[in-house]
Amino acid sequence: MSALWNEYRNELMKRKKWFVIAGFVSVILFGVSCRYLYTGINKRFLLYTVLSLGTGMFLAFPHVKSRLFSVLCLLVYCIIVPHKLFQRIELPVHDMGRILKGAELANIVIIFLIYAVFLLVLQRIRFALGAGNTFLCILFLINYYVNQFRGSSLSITDLMATGTALTVLDNYKLTMSSELWYSILWFCFFIAWGFWCDIPGRGKRYHLTVSVVSLSCFLLFYLFWNKTDYLERNELQGHYWNMSENESLNGFLLSFAISIRENSMEKPGEYSRESLAQLAEEIRNTYQPPEKVDGRTPHIICIMNEAWSDLRVLGNLETSEPVMPFFDSLTENVVKGYTYVDILGGLTANTEFEVLTGDSLAFLAPAAIPYQLQVNHDMYSMARILREQGYQTMAMHPSIGHAWNRNRVYNYFGFEEFRDALQFETEYLYVGNFLSDECNFNEIIRQYENCKGGKPLFLFDVTIQNHADYYDNTEILLNLQSVGNLPADELEYICDVETYLNLMKITDDAFQNMLAYFEKEEEPVIICMFGDHQPKLNDGFYNAIFQDNNLSPEEARPLMYITPYVIWANYNVEFPEYGNMSANYLGAAVLECAGAKLPPYYQFLMQLQKKYPVISRRTIETIKDDEDILRYQLLQYNHLMEKNYEKTLFTVAPE
């Protein structure tokens, strides 16, 4: 014991500079904690004082080189830390009152799996614990801010979209809350303790033991995850109808793991080439195209307008001026309605995917972003279908080209040209931090003028003006007067709602000016504009607008997934009436309105739309066993998942 103490004292003498560093770290942690956590001398004050000092102590003092002490220390660590980390990952995001029975154990198992991965790679227990907790802290922070910005938890495909997220990050404000800092403080303490906690050892036998322990953890996790009914027995699963439910019921880490497991499309049971060819023939024989007024071949312009929505679908909303007066006034040569989408506040590319391809997110995992994973080969889309009918095809987006992998995806979809913001030929005009819809629409006009008199143009445009976050940096054209039955001045926070409504008014004015231009054009033009999703606004707004409509949360939430669409022509035409429909039908409807020839897949969609106008993640469970839905799933699997797909389904048969 004396020899051990002497050795430890010598180690202390060598670490004088670490005492300075540790003191500095403790003071910083304590100071920031007082800033965000101080409410008096109470239990939490004592805890964050101990955590601040403890973090510094683990940095300053060397580890005791006693095998018995090390084993005991590691045992205490494994008992305390994963359980506490689970709590600190969850509490800043939501209260834990809804966490399902059994979810905590599943999340803790995942924490141990992360430690095992780092242990296998780094081969030291202290590095595995310290680096593992650092990784968890980073993951936790990303998830926290994703929840703040979008209202749903982080998924594996979000990490693949990091480049896209960085392009709009400057428009968000990263705020700190007391619960967030408290979790960060606990993470700092556990990271420092992890790097301090170790079992002495070296040589081949040590590394062999470490590797065996790591691989044994992998095996145990595999058995737990795949060979037991633990998850099913405790109803721990992905909730397709409501993505935000996943984390509040399962916990973040388990929800994230489920998003990895479910990020694929299951092959339909009756899938075969023969059945696909037979289905193509059946569709051709049953499809009845709408009557055409004339044989024109119009230019087709589709605009997916960022966060363009009509908040009146949620409930009573009064403003000093109408928000969308021009949209409301359109009655001639037009068909209007609402699209039902599967996203809220973000994941723009998912609605875009449904419209351009006709495929439905309902058959994919709730965390799926097809632009990131599934779209990795040439596919039929509106662009390729029209290109084969003599159209020139162009995509546009007033931001960077690689957002959501559009620079690759558009090529797979058959677009001949893609113009991002760097290739715009018109003057840059901004609203807030983003290029305005006016600028965007001016560029559409410019590209139309460049191709007048030649081949008809199909132009698909994705705007960005109305992207979150909605701070008070927009021209004020109207004021919010009431939400539900509450006067606006009684709401604690309305800045984001009021800013958003003014953006909608700016869009409406710009849309009016664009249609005024095309109304004078002699060449036939069809323009479709639709919203990709509603904005994610503050909870006080939703509470106010929903409180008097006698709807349960389960009934009210689907209203947040509705956006408008309009299809307009600059010539006399009687469009079919489609009513409200999910986004997967909209592309086929536009082609039908334009008098384009539809391949069997789109013919099938137009028939299915009459039977099931809305197919989404929230509705699929009630209709998934219907024969036509099973056919749809079979067709989509071939289209999306097979590189060597059945082309007779997606090409127009020669006359």
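The values are calculated or read from the model by the stated rules, or taken from the named source; none is laboratory data. Values in this document were obtained by computation on a predicted structure and should not be read as measured data. Here the Cβ is made from the backbone with ideal geometry for all residues, glycine too, and neighbour counts use every protein chain on show. Heads up: the accessible areas ignore ligands, DNA and RNA and are worked out on the full protein's heavy atoms, side chains in. Shrake-Rupley method; radii C 1.70, N 1.55, O 1.52, S 1.80 Å.
Can you confirm whether region 463-478 contains a residue that is at pLDDT below 90, aliphatic (A, V, I, L, M), crowded, with 18+ Cβ neighbours inside 10 Å and more than 30 Å from Leu649 (Cβ to Cβ)? Yes, that holds for at least one residue. Among the criteria (1) hydrophobic (A, V, I, L, M, F, W, C); (2) open to solvent by 30 Å² or more (accessible area, probe 1.4 Å); (3) in contact with a helix residue (DSSP H, G or I) (Cβ under 8 Å, 6 or more places away or on another chain), the one Ile527 does not fulfil is (2).
Scanning region 596-609 for residues that are open to solvent by less than 50 Å² (accessible area, probe 1.4 Å), assigned to a helix (DSSP H, G or I) and farther than 13 Å from Asp359 by Cβ yields Pro600, Gln603, Met606, Gln609. Taking the criterion of being within 13 Å of Thr393 (Cα to Cα) and either open to solvent by 10 Å² or more (accessible area, probe 1.4 Å) or in a loop (DSSP other than H, G, I, E, B) (or both), the residues of region 452-462 that qualify are Gly454, Lys455, Pro456. The set of residues in region 611-655 that are over 28 Å from the mean Cα position of the chain (by Cα) and either at pLDDT 90 or above or surrounded by fewer than 19 Cβ atoms within 10 Å (Cβ to Cβ) (or both) comprises Lys611, Asp626, Glu627, Asp628, Asn644, Lys647, Thr648, Thr651, Val652, Ala653, Pro654, Glu655. Considering region 11-37, and only residues there that are modelled with pLDDT under 85 and open to solvent by 70 Å² or more (accessible area, probe 1.4 Å), the residue that is nearest to the chain's Cα centre (by Cα) turns out to be Ile21. On the stretch given as region 392-441, residues that are under 22 Å from the mean Cα position of the chain (by Cα) and either basic (Lys, Arg) or surrounded by fewer than 20 Cβ atoms within 10 Å (Cβ to Cβ) (or both) total 9.
For region 105-123, the tally of residues that are open to solvent by 60 Å² or more (accessible area, probe 1.4 Å) and either touching a Leu at 6+ places or on another chain (Cβ under 6 Å) or among the β-branched types (Val, Ile, Thr) (or both) stands at 2. In region 83-104, of all residues being more than 14 Å from Phe140 (Cα to Cα) and touching a residue at least 12 places away in the same chain (Cβ under 8 Å), the one that is least open to solvent (accessible area, probe 1.4 Å) corresponds to Ala103.
Close Cβ contacts (under 9 Å, 6 or more residues apart or on different chains) running from residues in region 66-81 that are aromatic (Phe, Trp, Tyr) to residues that are open to solvent by less than 80 Å² (accessible area, probe 1.4 Å) and outside any helix (DSSP H, G or I) comprise Phe69/His63; Tyr77/Cys197. From the list Ser320, Ser329, the lone residue that is without any contact (Cβ under 8 Å) to a residue 24 or more places away in the chain and either over 30 Å from Thr393 (Cβ atoms) or buried (at least 19 other Cβ atoms within 10 Å of the Cβ) (or both) is Ser329. Filtering region 342-365 down to residues that are in contact with a Lys or Arg (Cβ under 6 Å, 6 or more places away or on another chain) and assigned to a loop (DSSP other than H, G, I, E, B), which residue is surrounded by the fewest Cβ atoms within 10 Å (Cβ to Cβ)? The residue in question is Gly345. Being open to solvent by 10 Å² or more (accessible area, probe 1.4 Å) and either modelled with pLDDT of 90 or more or closer than 22 Å to Gln148 by Cα (or both) holds for only one residue in Tyr500, Tyr493, and it is Tyr493. Look at region 22-40: where a residue is free of Cβ contacts under 8 Å to residues at least 24 places away in the same chain and among the small types (Gly, Ala, Ser) and a partner is part of a helix (DSSP H, G or I) and open to solvent by less than 70 Å² (accessible area, probe 1.4 Å), sitting 6+ places away or on another chain with Cβ atoms under 9 Å, you get Gly31/Ser52.
Listed by first and then second residue, the pairs with beta-carbon distance under 8 Å, at least 6 apart or on different chains, first residue in region 208-226 and within 9 Å of Leu120 (Cα to Cα), second charged (D, E, K, R), are Val210/Arg124. When Tyr8, Tyr48, Tyr77 are screened for being more than 21 Å from Ser178 (Cα to Cα) and modelled with pLDDT of 85 or more, only Tyr77 passes. Which members of region 212-241 meet the condition of being modelled with pLDDT of 80 or more, outside any helix (DSSP H, G or I) and open to solvent by 80 Å² or more (accessible area, probe 1.4 Å)? Answer for region 212-241, where residues must be modelled with pLDDT of 80 or more, outside any helix (DSSP H, G or I) and open to solvent by 80 Å² or more (accessible area, probe 1.4 Å): Lys227, Asp229. The condition of being at pLDDT 95 or above and under 30 Å from Asn572 (Cβ atoms) holds for only one of Asp359, Asp310, that being Asp310. When you scan region 141-156, do you find a residue that is in contact with a helix residue (DSSP H, G or I) (Cβ under 9 Å, 6 or more places away or on another chain), modelled with pLDDT under 90 and more than 30 Å from Asp472 (Cβ to Cβ), even just one? Yes, region 141-156 has at least one match. Any residue in region 47-67 that is part of a helix (DSSP H, G or I) and either under 29 Å from Phe218 (Cα atoms) or under 28 Å from the mean Cα position of the chain (by Cα) (or both)? Within region 47-67, one or more residues are part of a helix (DSSP H, G or I) and either under 29 Å from Phe218 (Cα atoms) or under 28 Å from the mean Cα position of the chain (by Cα) (or both).
The residues in region 610-655 that are of a type in the set (Ser, Thr, Tyr), under 30 Å from Arg387 (Cβ atoms), free of Cβ contacts under 8 Å to residues at least 40 places away in the same chain and not in a loop (DSSP other than H, G, I, E, B) can be counted, and the count is 0. Applying a threshold of 6 Å to beta carbon distances and a minimum spacing of six or more residues, or different chains, the list of pairs starting in region 532-555 at a residue that is farther than 30 Å from Cys302 by Cβ and ending at one that is in a loop (DSSP other than H, G, I, E, B) and open to solvent by 60 Å² or more (accessible area, probe 1.4 Å) reads Asn538/Tyr493; Gly540/Glu492; Gly540/Tyr493; Asp548/Asn485. Tell me whether region 252-259 contains one or more residues that are open to solvent by 20 Å² or more (accessible area, probe 1.4 Å), at pLDDT 75 or above and not aliphatic (A, V, I, L, M). Looking through region 252-259, at least one residue is open to solvent by 20 Å² or more (accessible area, probe 1.4 Å), at pLDDT 75 or above and not aliphatic (A, V, I, L, M).
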